Amino acid sequence: MHVATVLFSVHSVHRAAFLQAITSNAKTSLADETGCRQFDACISKSNPCDVFLYEVYDSKASFDAHLASIHFRSFNALTSAWVTAKLMNAFDRVFP
């Protein structure tokens with residue numbers, strides 16, 4: 001399994017719109033992408049403008065298909081100016 005994590009820092013004035021957009025992106029990913037197994041969006045308890053994503057895909061190819069999808073590209077174009085920082089990481093899942 002391929003795991004992707006992303007930590008976004010979002011401008012406070014765009015927080016609500018960003019959360020709506022990421023929720024829509026996550027729902028569409030889970031519904032339409034056969035290789036997407038899990039897509040969690042979380043808000044930091046210490047800073048509500050920090051949004052953490054935990055995504056699980058069947059493979060790196062499935063994740064690459066997610067990045068190429070129309071819904072992801074639309075999300076990215078819409079929200080990129082709302083984000084002050086973005087840290088992405090990739091992992092191979094060991095368990096379960």
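For the reader, a short list of remarks on this structure follows.
- Qualifying residue in segment 70-88 (condition: in a strand (DSSP E or B), at pLDDT 95 or above and not aliphatic (A, V, I, L, M)): yes
- If the condition is being over 15 Å from PHE8 (Cα atoms), touching a helix residue (DSSP H, G or I) at 6+ places or on another chain (Cβ under 9 Å), among the polar types (S, T, N, Q) and open to solvent by less than 30 Å² (accessible area, probe 1.4 Å), then segment 54-80 contributes only SER69.
- Annotation note: of LEU19, LEU67, LEU30, the sole residue that is touching a Cys at 6+ places or on another chain (Cβ under 6 Å) and free of Cβ contacts under 8 Å to residues at least 40 places away in the same chain is LEU30.
- PRO48 passes every criterion in (1) touching a residue at least 24 places away in the same chain (Cβ under 8 Å); (2) open to solvent by 20 Å² or more (accessible area, probe 1.4 Å); (3) out of contact with any Lys or Arg (no Cβ under 8 Å at 6 or more places or on another chain) apart from (3).
- Here the condition is being over 11 Å from the mean Cα position of the chain (by Cα), among the aliphatic types (A, V, I, L, M) and open to solvent by less than 60 Å² (accessible area, probe 1.4 Å); of ALA17, ALA21, it holds for ALA17 alone.
- Only residues that are over 14 Å from the mean Cα position of the chain (by Cα) and aromatic (Phe, Trp, Tyr) were counted across segment 61-96, and they come to 3.
- Residue in segment 40-48 that is part of a helix (DSSP H, G or I) and among the charged types (D, E, K, R) present: no
- Criterion violated by PRO48 - all others in (1) within 17 Å of VAL10 (Cβ to Cβ); (2) under 13 Å from the mean Cα position of the chain (by Cα); (3) not basic (Lys, Arg) satisfied: (2)
The values are calculated or read from the model by the stated rules, or taken from the named source; none is laboratory data. The model shown is predicted, which means the values in this text are computed figures rather than measured ones. Heads up, the Cβs are rebuilt from the backbone with ideal geometry, glycines too, and the neighbour counts pull from every protein chain shown. Just the protein is used for accessible areas: all its heavy atoms, side chains included, with ligands, DNA and RNA removed. Shrake-Rupley method; radii C 1.70, N 1.55, O 1.52, S 1.80 Å.
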